[in-house]
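Comments concern the structure below.
The values are calculated or read from the model by the stated rules, or taken from the named source; none is laboratory data. A quick note: this is a predicted structure, and the numbers were derived from the prediction, not measured. Methodologically, a virtual Cβ is constructed for each residue, glycine included, from the backbone with ideal geometry; neighbour enumeration extends over all protein chains shown. The accessibility values were calculated without ligands, DNA or RNA, using every heavy atom of the protein model including side chains. Shrake-Rupley method; radii C 1.70, N 1.55, O 1.52, S 1.80 Å.
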Amino acid sequence: MGIAEVPTGAVSPKRGHTHDAEEVYYFLSGKGTVNVDGVETDVGPGTSVWIPANAEHFCHNTGAEPLKLLQELSSYDWTNLLNQQPDVSTKVSAWTKKILKIADKIIPNKLVTVSSKDASWFNSELQAMLKRRDILYKKYSQPLHPSPHAYQAYLNSAKQFEEACNTTKK
């Protein structure tokens, strides 16, 4: 199992190759075609192609960037997976889940840590007050249900929030 790349401008072979086992290609990027026993299919990111055992096949890059694909997925019993599903919709869902699970194992992941932009003094109490103020603002600004009580509640909440911020900053 691995990632294969068909470079731009690569010449298509006159004949493909075969395997004793079925195979699945899952395309990650690029644009191209896959020829399986003389039947050509357009492919791109997110496309998967099942290749039966002993079928002659090859890929051709038709795009302006390398055509990248997961290959050698033949170790999984795809026929059994598909035969267990009662209809096309669940077959597609099962297929997609399995492909993504396999891809998750072999495609490198980048860990991204998202940190708060809030100042260190902006604590959970202030966050709760801000949320309440915003909810009250939405209530009073509703054009279908204007309410002087909602407006006053918003003003009080906004004032309390501002005072709490000023006190906490000190």
Q | Among (1) surrounded by fewer than 12 Cβ atoms within 10 Å (Cβ to Cβ); (2) in contact with a strand residue (DSSP E or B) (Cβ under 6 Å, 6 or more places away or on another chain); (3) not acidic (D, E), the one test that G38 misses | A | (2)
Q: Would you please name the residue that is nearest to L82 (Cα to Cα), looking only at residues in region 41-64 that are within 22 Å of the chain's Cα centre (by Cα) and open to solvent by 30 Å² or more (accessible area, probe 1.4 Å)?
A: W50
Q) If you go through region 1-35 one residue at a time, how many are open to solvent by 70 Å² or more (accessible area, probe 1.4 Å) and within 16 Å of L70 (Cβ to Cβ)? A) 3
